[in-house]
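Step one of this worksheet: look at the structure below.
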Amino acid sequence: MKKKEKNYDKKTEKEIEKIIKKLTLDEKISMIHGATLFKSGAVDRLGIPGLATSDGPMGVRAEFMDDRWIPCGNQDDMVSYLPSNSALASSWNTDLAYAMGHVLGEEARGRGKDVILAPGINIKRDPRCGRNFEYMSEDPKLTAALAVPFIKGVQENDVAACVKHFAVNGQETDRLMVDEEIDDRTLYEVYLPAFKAAVQEGNAYSIMGAYNKINGTHCCENKRLLDLILRMEWGFDGTVISDWGGVHKTIEAARCSMDLEMSVFPDFEEYNLAKPLKEAVSKGEVSEDMVDAKVRNLLRMMFRLKMIGKHKDGRKAGTYNTVAHRQAVLHTARESMVLLKNENHILPLDAKKIKKLVVIGANAAKLHADGGGSAEIKALYEICPLAGLKMYLGGNTQVQYVKGYHVPEKSKTFEQNWQAFSLDDLKDTNVGQIVRTEDGDESGTLRKKEEERLARIEQDKAEIHEKNQQLFVQAVEAAKDADAVIFVGGLNHDIDSEGFDRTDMKLPYEQDALIEELLKVRKDLIVTFVGGSPVEMPWRHKAKAILWSYYAGMETGNAFAEIIFGEVNPSGKLAETFPAKYEDCATGMNGQFGKWGRIRLAEGLYYGYRHFDRQHIAPAFCFGHGLSYTDFEYNALTLKAEKDRAVKVTFTVKNTGKRAGAEIAQVYIAPIASKVDRPDKELKTFSKTELAPGRSKKVSLILKKEDFAYFDEHLHDFIADAGDYEILVGASCDDIRLRGIVTLA
Ligand code: BGC
């Protein structure tokens, strides 16, 4: 594989060398590990500040104490709560990805941060991964297409994006120790492309090494991943930051491209890249050059961020909670919601005809910002669906809300996110130490905690069942007497969370049973969800309308109401497959998910829609699916050979309905008679086109040579075989509207 040349600014590099000469070993070491929970060490003598980092993907996290996982309780650290990456990805809108990156970067800088620990771009391999809500898609192309503008949006504010979690971080179970066994072809074709694009096209200044191991070695100590792939093959010259507690061994981390060790412990001098590193240098086990290399990468980023150097005074100041930010968040929320089903055009509802609306379900009135783990946000405000509906309808419409199903209170233990969990409240249980054992969870404490969590879920079931008896009756009674009934259910961050995975793909709190009951009395029930990952919908053939919203940020309720009443025409499409049942997924079949110790990615390339295609299994809702209140027609496909084995794909999209709307057209490549086994089809590019009723537009997209390629393990490079390829243009993965064949020379 061709090595990527680094593109250094020579003057800056000289400046960096001058600074390195002035630094003592102690000063250098102080710069490359945490000096507080979110900040690296400063060298005041030379005017080098510490690096201020903050989570996370859905907004800038609240301020924490320097040495304890306790929020400071400030009144000035509320921020804009952005749609989760899963929501953003469902918009398939690269302009919005850029806009959300811009808001996040501007708010991070406004809060005085240098690095924002986002975006999370891991590939969704299994629908049960607890952090899927933080990630974009199951598809590498779609993830890359959105990550690149997002990063650019962040970084134009003189704040670094820290793209995470590099790499193959696909489950939360045993997340600190799990070993992901993967072959090179799968690694290069599925799990690396979005990171490569983030580095090479997005020009990300920093990247976060993941917790897990890949083929036996922790990512944060993984020479192959960090030195060979990231630095040499991709030419990355930014900073590698460890996930918090992701470094386990001093020498290994010192000898590879791990630049900054962060962790969850307050004993900062004991970090691997602190005192132990100094000892290793003095014993000659690690050379000072290796320390210099890390400092160099950090300083280069500081120059880029204008934290130091002659452009320092020109550094952007940022701001937070602006009206413009809220509007951008609202716009994204509108485009993120996915209309899964709409029989007989039951939606949108006509607000004028509704005198009484009944809203059922705990998620109608639930706020989600403050949950999920490190992605939690102290939102300036959050409008829930119920508030959105009421604000939209105003005082002349009667809106009756009934909870419908019972959600148990979280126990004190589960209220803490994993980070707090591993420290203050549980110091005496030794959980903190677990992270430090080399061979994993020797004392079994984490496993025990997980068992307790599962037992608690079981206990909760009895409580839920008991309380639901009455709630169901109330809901069914209320549903009988209304002009329209909207159910708002789904998940929440007790379930979609960092630190653990879901045990199944079912709706919690007996929601399926309630929906079945409601459908008996209301054939016209509008079923809607807020959630971060797919759920089974066994009743889906009976429901006429189903609307899905991911955690869509502070303006969720407004966007929700606008879509329900047709003020906004939905235009989101699924960025991941919604299987009919968990057992249908690749990982559901091979059992290689959610285990402790070792996971084999046995399905290789065949996960998500690639698996459903290959196995001829119909999912409940396929990748790329999403309806509109209008209809679109696809016509006139032409394929034209361009320079350098590229192909220009041209077609027209026409809005044949009566409302304005936007259509996401997807272009897949299906190799014909390939030399090697390849997925039946793979997404390669897409476009989102807004169209007034009756109007049509010509869409032209380019397929590059690389889009036809697969990774050849023997040559260690991507190869595009000459021959025929079918080009499929569709409204979704399972709704292909146009087909053509190109022959690659
Ligand atoms: C998470 C990261 C996060 C970091 C700092 C870790 O537990 O995995 O995504 O950025 O903590 O809060």
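The values are calculated or read from the model by the stated rules, or taken from the named source; none is laboratory data. All figures in this text were calculated on a predicted structure; none of them were measured in a lab. Methodologically, a virtual Cβ is constructed for each residue, glycine included, from the backbone with ideal geometry; neighbour enumeration extends over all protein chains shown. When the accessible area is computed, the model is the full protein with side chains, heavy atoms only, and any ligands, DNA or RNA have been set aside. Shrake-Rupley method; radii C 1.70, N 1.55, O 1.52, S 1.80 Å.
Would you check which residues across region 372-386 are open to solvent by 10 Å² or more (accessible area, probe 1.4 Å), under 20 Å from residue 528 (Cβ atoms) and in contact with a Ser or Thr (Cβ under 9 Å, 6 or more places away or on another chain) and list them? Passing the criteria: 382, 383, 384. Scanning region 128-144 for residues that are open to solvent by 10 Å² or more (accessible area, probe 1.4 Å) and in contact with a strand residue (DSSP E or B) (Cβ under 7 Å, 6 or more places away or on another chain) returns a single hit, 141.
When we screen 39, 21, 14, 10 for residues that are among the charged types (D, E, K, R), open to solvent by 60 Å² or more (accessible area, probe 1.4 Å) and touching a strand residue (DSSP E or B) at 6+ places or on another chain (Cβ under 7 Å), the only hit is 39.
Listed by first and then second residue, the pairs linking a residue in region 193-222 that is of a type in the set (Phe, Trp, Tyr) to a residue that is more than 16 Å from the ligand (Cβ to nearest atom) and open to solvent by 10 Å² or more (accessible area, probe 1.4 Å), with Cβ atoms under 6 Å apart and 6 or more places separating them unless they lie on different chains, are 205/304. Looking across 694, 657, one residue alone is in contact (Cβ under 8 Å) with a residue 12 or more places away in the chain, surrounded by fewer than 14 Cβ atoms within 10 Å (Cβ to Cβ) and part of a loop (DSSP other than H, G, I, E, B). It is 694.
One residue stands out among those in region 214-247 that are aliphatic (A, V, I, L, M), within 18 Å of residue 204 (Cβ to Cβ) and in a strand (DSSP E or B): the one that is farthest from the ligand (Cβ to nearest atom), which is 240.
This table checks each residue for (1) more than 13 Å from the ligand (Cβ to nearest atom); (2) at pLDDT 95 or above; (3) more than 17 Å from residue 121 (Cβ to Cβ).
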| site | (1), (2), (3) |
| --- | --- |
| 57 | no, no, no |
| 66 | yes, yes, yes |
| 77 | yes, yes, yes |
| 82 | yes, yes, no |
| 90 | yes, yes, no |
| 99 | yes, yes, yes |
| 105 | yes, yes, no |
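For every residue, the table says whether it meets (1) over 30 Å from residue 498 (Cα atoms); (2) part of a helix (DSSP H, G or I); (3) touching a helix residue (DSSP H, G or I) at 6+ places or on another chain (Cβ under 6 Å); (4) of a type outside the set (Gly, Ala, Ser).
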| residue | (1), (2), (3), (4) |
| --- | --- |
| 292 | yes, yes, yes, yes |
| 308 | yes, no, yes, yes |
| 329 | no, yes, no, yes |
| 370 | no, no, no, yes |
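Of all residues assigned to region 515-525, none qualifies as being open to solvent by 10 Å² or more (accessible area, probe 1.4 Å) and under 28 Å from the mean Cα position of the chain (by Cα). Does residue 632 satisfy the criteria of being crowded, with 19+ Cβ neighbours inside 10 Å and in contact with a His (Cβ under 9 Å, 6 or more places away or on another chain)? For residue 632, the condition - crowded, with 19+ Cβ neighbours inside 10 Å and in contact with a His (Cβ under 9 Å, 6 or more places away or on another chain) - is not met. Just one of the numbered conditions (1) under 30 Å from residue 690 (Cα atoms); (2) modelled with pLDDT of 95 or more is not true of residue 130: (1). Among the candidates 111, 125, single out the residue that is in contact (Cβ under 8 Å) with a residue 40 or more places away in the chain, in contact with a Ser or Thr (Cβ under 9 Å, 6 or more places away or on another chain) and surrounded by fewer than 24 Cβ atoms within 10 Å (Cβ to Cβ). On inspection, the qualifying residue turns out to be 111.
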